[in-house]
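Notes follow once the structure below has been shown.
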Amino acid sequence: MVLTPPPTIESFYKFCAERKLMGVKCNRCKKVTVPPRSVCPDCGTPDLAWTELPGKGKLVTYTIIHFPPVQFQALAPYPIGIVELAEGVRLPGMIRNIRFENVKIGMQLQTDFDTSTSKEWPQWPRYFFREP
Amino acid sequence: MAKPLASIVSAGVTRFGVREGLYARELFVEAAREAFDACPNLSPKKDIDGLFVGMMSESYEHQAHVAPMIADWLELLPVPAFRTEAACASSGVAMRCALYAIQSGMHDVVVVGGVEKMTNLRTADVTEILGMASDYPFEQWHGISFPGIFAMMATAHMARYGTTEEQLAKVAVKNHENGALNPKAHFQKRITIDDVLSSRVVAWPLKLYDCSPISDGASCLVVTAPKLARKFTDSPVHIVGSAQAQDTIGLYEREDVTSMNVTKIAAKKAYEMAGIGAERIDVAEVHDCFTIAEIMAYEALNFCKPGQGGTLIDDGITSLGGKKPVNTSGGLKAKGHPVGATGTAQACEIYLQLTAQAGKRQVSGAEIGLTQNVGGSASTGVVQIYCRGD
């Protein structure tokens, strides 16, 4: 079965433009994979279906970036973290609109979207995390 | 002790630091010259039949295809030459390739080394290039700097095990103490815990003095089939264990962000190959790109239990004069970290230690050494074990 759109990183970010956090779910073992891959990393089958994730999760770890990459200089300092979503998958990203002293490992976070598209390659919108 | 896989018969390393006015190729020649001069029985042009060079990025000097260039500048043409890239483990992986070459029987005497010329670019540009070793669409794209990756490991380690910023700072203090004894180190001055804690925050909890510097430098080894080693030296150093492992490019894809799985796996295999355990290691060079990485290295190498790395540094076990000296060269932190040169520079230090040529930082009676080299966020890990061959 051929998935439409294809299970690629580009498709994942195009869904972000529609404010959707999408992964692929294995039709055989039910494992959810984000970012999507063309075969299930657990059981190896290409029999996958797109699935929308509610984007709720908890913070696994974090840092506050004070010396940022060049294109992020205007935003620094800013918190970055890895979030484990309810489906068991993890994503890294920026934590926005939060006081630094409130950032704590284990805290609940919600995925949100910044649909202002970047002007640079690869012209993707970004997801980010915020307090629920 | 197990049968040697290959033997180091000579080694050379440049002074690390800001080496203004020199190209990478010229730095490599400087390291190779030292190795060749220290080995009078070696006729480079006649004896050397292969070259392996670790280098991370073409971007520093706008120069790709460096393997033939280095072969040319070493006057070794037309020997087959190979360049390996594995971020900060580029020359650790070059050593693995040299072992494959020797073990296959297709090569007898090879030069393996690494080089990086970094200080000609602005710090912001170097940071961008180093950051390329993380996952582009999910880490770099979201503003995660390379120190940020290791900072996230540090935050998790602190939360899980109670590791403190002071313990991280002690790693930097120890390595600067050793660097002060190494005339080739980038930094040859001692620092205090307060210096580290009060330095500028780069990515909390990591401060400037928790991070290894941007350096220029090269390092190289002459490696032979074990049966030929005696032809070149009376005191070879044998490589008796060597293993490599890979992990995901993104830190976020790993179940445990408080440990380096590649090092754990490679160390277990390397110890098995050598037929020894961690307790037999007299001296080690580990990959302290950030102070937290040295703490995690202790744990992954089984120098202590998971979570006990901070206690090891508190107790002075890994200081020069401690039971298990680590990073006698000054480590990446004080010796410097020209990324492509680091893996073989670690082996150069172990070679010096095991042949009693380490001067003021000599570990007396050292017979067995270990190197642990990591690429990216520990997406590549190489562990090697060495023993005196005299």
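Laboratory data are not the source of any read-out in this text; all were calculated from the coordinates shown. Bear in mind the structure is a predicted one, so any value in this text is a computation, not a measurement. Glycine gets a Cβ as well: all are built from the backbone with ideal geometry, and neighbour counts include every protein chain shown.
Brief remarks follow.
- Cα centroid of the range A:61-132 to Cα centroid of the range B:161-225, whole Å: 29
- The C-alpha radius of gyration of the range B:277-382, expressed as a fraction of 2.2 N^0.38 Å, stands at 0.98.
- Over all other residues within a Cβ to Cβ distance under 9 Å of residue B:27, the charged ones net out to -1, with Lys and Arg as +1 and Asp and Glu as -1.
- Once divided by 2.2 N^0.38 Å, the Cα radius of gyration of chain B becomes 0.90.
- Rh by Kirkwood over Cα pairs, then Stokes-Einstein D for chain A at 1.306 mPa s and 10 °C, µm²/s: 101
- Radius of gyration and maximum dimension Dmax of the range A:9-53, Cα, Å: 10.2, 30
- All other residues whose Cβ lies under 9 angstrom from that of residue B:207 are scored, Lys and Arg at +1 and Asp and Glu at -1, for a net of -1.
- Contour excess over end-to-end distance, with Cα ends at residue B:136 and residue B:230 and 0.36 nm allotted per residue: 29.1 nm
- Comparing B:59, B:90, B:104 in a Gaussian network model of chain B (Cα springs below 10 Å), the most mobile by mean-square fluctuation is B:104.
- Sites listed here are GluC sites (Glu not before Pro) in the range B:20-67 whose DSSP assignment is loop and whose Cβ has at most 16 other Cβ atoms within 10 Å: B:20, B:58.
- Kirkwood Rh, angstrom, the range B:226-280 [1 / mean 1/r, Cα pairs]: 13.8
- The trypsin sites (Lys or Arg not before Pro) of the range A:78-113 that DSSP puts in a loop, and whose beta carbon has at most 11 other beta carbons within 10 Å, are A:99, A:104.
- In loop segments of the range B:219-299 as defined by DSSP, the GluC sites (Glu not before Pro) with at most 16 further C-beta atoms inside 10 Å of their C-beta are B:255.
- Residue mean of other protein chain beta carbons inside 10 Å, A:52-65: 5
- In order through the range B:111-120: 3J(HN,Hα) via Karplus (6.51 cos²θ - 1.76 cosθ + 1.60), integer Hz, x for Gly, Pro: 9, 10, x, x, 7, 8, 10, 10, 7, 6
- 11 Å beta-carbon shell around residue B:115, net charge (K/R +1, D/E -1): -1
- From the alpha carbon centroid of the range B:328-345 to that of the range B:86-115 is 18 Å.
- Angle between chain B longest axis and helix B:261-274 axis [Cα atoms, degrees, rounded to 10]: 40
- Convex hull volume per residue, computed on the Cα atoms of the range B:1-133, equals 126 Å³.
- Phi-based couplings in Hz for the range A:94-106 (Karplus 6.51, -1.76, 1.60; Gly and Pro marked x): 7, 9, 10, 6, 9, 6, 3, 5, 8, 6, 9, 4, x
- Dimensionless Rg/Rh of the protein assembly as shown - Kirkwood Rh, Rg from C-alpha atoms: 0.99
- Top of A:69, A:122, A:41 by mean-square fluctuation, Gaussian network on chain A, Cα under 10 Å: A:69
- Degrees separating the helix B:24-37 axis from the principal Cα axis of chain B, which is the longest one: 60
- Using alpha-carbon coordinates, inclination of helix B:146-161 to the longest axis of chain B, degrees: 60
- Amide H contacts of residue A:78 (H built 1.01 Å from N, under 5 Å, at least 5 apart or other chain): A:65
- GNM remark for chain B: springs join alpha carbons under 10 Å apart, and the peak mean-square fluctuation among B:152, B:106, B:55 falls on B:106.
- With θ taken as phi - 60° and the Karplus curve 6.51 cos²θ - 1.76 cosθ + 1.60 applied, the whole-hertz 3J(HN,Hα) list for the range A:63-78 is 8, 10, 7, 9, 10, x, x, 3, 6, 10, 4, 5, 8, 5, x, 9 Hz, x standing for glycine and proline.
- Dividing the Cα radius of gyration of the range A:56-130 by 2.2 N^0.38 Å, with N the residue count, gives 1.11.
- In terms of surrounding Cβ atoms within a 10 Å radius of their Cβ, B:204, A:121 rank from fewest to most as A:121, B:204.
- Each residue, residue B:360 and residue A:73, gets one label point 7 Å from its Cα in the Cβ direction; the gap between the two is 3.9 nm.
- Euclidean distance of C-alpha centroids, the range B:12-81 and the range A:1-57, integer Å: 47
- Theoretical FRET efficiency, 1/(1+(r/R0)^6), r = Cβ-Cβ of residue A:14 and residue B:272, R0 41 Å, to 0.05: 0.30
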